[in-house]
Amino acid sequence: MFGEWLTEWYSSHVVREETKEANKDLSEDSDPLEVVWKYLFEGVDDEDTRSICNKPVELLETDLKSNMNKPLGKDTPNNKAEFGNKEEKLGEISESKKVCTRATEERRYNEETAQAFQMSQNSNQSSQRSKYECLLSMSQEDVEATIRRISRDSALDPQKKSFIMQNLLMSRWIATQRIHNLEPSIISSNREEIPGQNPSYRDAHELIFGCKHYKRSCKLLAPCCNQLFTCIRCHDEEADHSVDRKQITKMMCMKCLIIQPVGATCSNTSCNWSMGKYYCKICKLFDDEREIYHCPYCNLCRLGKGLGIEYFHCMKCNACMSRLLIEHVCREKCLEDNCPICHEYTFTSNSLVKALPCGHVMHSTCFQEYTCSRYTCPICSKSLGDMQVYFRMLDALLAEQKMPDGYSNQTQVILCNDCGRKGNAAYHWLYHKCSSCASYNTRLV
């Protein structure tokens, strides 16, 4: 009787444990993606696996196992045997040589062990990334088909079905976040050295990132020469060619030294460093100390508080101008030309540009140097300002000078550069006054 009771009790106990194990809450699993992965691919043939994932699971698992099972070195499996043989062979050698040999062997063994451990870590990260990418490669039709398959699976109770469905619907978002977190570690471990892959400082004593042109926390990867530069101006000064800023797609964060897509902040979640207070995704421009705005008409970034605040855009001149110049002489596309003094293209120039009364433009620094010796526009020869004081000084000078008797009654035909009229003026070897506007800015015809 006791034996029968014990047998019945044991059978009922086993059944209860199996039922309890089968009905265990799946939410206790530490990794929801592993639940989805096991349900999708464990016990599934190769054709079904390939239909969902581009890369078969066997390849992913084989890569991991082959790297994990790879010998630590050519001589690693037989290290103990070799140590024993060497001790026998080195019996006649001094004790100092024995110690040196053992130290060399142990150091080589430790190096091979560390290398194998690093390989296993990289392989584990690559395998996880491959699994995540496989889940992300599932189309909407695949997800819907998998949900129908789960709902028809009679081996699962309703609680398991709902849990697996929930994790399946969330798997893409979870996989995306984990790939995003894995990316920096994979990049940093497998990173190839690129010229310029180090931080640069605007102020080395205060450790302020940037260059002499900009204060920023990133470097730009120039696609033309595959080198890192703090800014485009640094590239153009060091290289023998220019780079199109709109072709730049990669940058390097100076804090974590990770190369990543261009953005306002570092994409590394452990860093998340701001590249600058101002960021323009069109011009790929970063700055951390000045006020800059992007003009949609010029399609460029310019210094200032913005259109309607300090500047306005003249559609005819195709230029951003100070609001003090609302009334100005318009010249069509006046900025799309070179400075008449230094011959730099003014539309994309980094120097301040001055608008002249005649409508032409030149750099402010060039204007200051040029007006030290001349007062006419180098393009149209019109006066650069009100010259009445200077002209009255010339009147006084000519009144004191008397022409010889042979030239006192002679006249010359002149053209005034200021008013554009022709006329006659008294003969002089240097100065000729316009009879219409009293200007001395004239030339002989």
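The values are calculated or read from the model by the stated rules, or taken from the named source; none is laboratory data. What you see is a predicted model, and the numbers here were worked out from it, not measured in a lab. Positions of Cβ are backbone-derived with ideal geometry, glycine not excepted, and every protein chain shown enters the neighbour counts.
Could you say whether any residue in segment 293-302 is touching a residue at least 24 places away in the same chain (Cβ under 8 Å), within 30 Å of G359 (Cβ to Cβ), not in a strand (DSSP E or B) and not polar (S, T, N, Q)? Yes; the residues of segment 293-302 include at least one that is touching a residue at least 24 places away in the same chain (Cβ under 8 Å), within 30 Å of G359 (Cβ to Cβ), not in a strand (DSSP E or B) and not polar (S, T, N, Q).
Condition check ((1) surrounded by 13 or more Cβ atoms within 10 Å (Cβ to Cβ); (2) in contact (Cβ under 8 Å) with a residue 60 or more places away in the chain; (3) over 21 Å from G306 (Cα atoms); (4) in the same structural domain as N350 (by TED's automatic domain parsing)) across all residues:
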position	(1), (2), (3), (4)
V243	yes, no, yes, no
Q247	no, no, yes, no
M254	yes, no, yes, no
L257	yes, yes, yes, no
A264	yes, no, no, no
K277	yes, no, no, no
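Just so you know, in segment 280-297 the residues that are within 17 Å of K246 (Cα to Cα) and touching a Ser or Thr at 6+ places or on another chain (Cβ under 9 Å) include one that is surrounded by the fewest Cβ atoms within 10 Å (Cβ to Cβ), and it is K284.
Looking only at residues of segment 152-165 that are polar (S, T, N, Q) and farther than 17 Å from W37 by Cα, we find that the one that is surrounded by the fewest Cβ atoms within 10 Å (Cβ to Cβ) is S154. The residues of segment 284-297 that are of a type outside the set (A, V, I, L, M) and out of contact with any His (no Cβ under 7 Å at 6 or more places or on another chain), listed by number, are K284, F286, D287, D288, E289, R290, E291, Y293, H294, P296. Listed by position, the strands (runs of 3 or more DSSP E) inside segment 185-291 whose residues that are of a type in the set (A, V, I, L, M, F, W, C) and in contact with a strand residue (DSSP E or B) (Cβ under 7 Å, 6 or more places away or on another chain) number at least 2 are 218-222, 227-229, 250-253, 285-287. Within segment 436-445, track down each residue that is surrounded by 14 or more Cβ atoms within 10 Å (Cβ to Cβ) and free of Cβ contacts under 8 Å to residues at least 60 places away in the same chain. Once the filter is applied, which keeps residues that are surrounded by 14 or more Cβ atoms within 10 Å (Cβ to Cβ) and free of Cβ contacts under 8 Å to residues at least 60 places away in the same chain, segment 436-445 yields C437, A438, S439, Y440, T442.
Per-residue answers, yes or no, for (1) loosely packed, with under 13 Cβ neighbours inside 10 Å; (2) charged (D, E, K, R); (3) in contact (Cβ under 8 Å) with a residue 60 or more places away in the chain:
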site	(1), (2), (3)
T346	no, no, no
C366	no, no, no
T376	no, no, yes
I379	no, no, no
G385	yes, no, no
A399	yes, no, no
S408	yes, no, no
D418	no, yes, no
A426	no, no, no
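Which of the following residues is more than 35 Å from the chain's Cα centre (by Cα), exposed (fewer than 13 other Cβ atoms within 10 Å of the Cβ) and at pLDDT below 85: E111, E144? One residue alone meets the criteria, E111.
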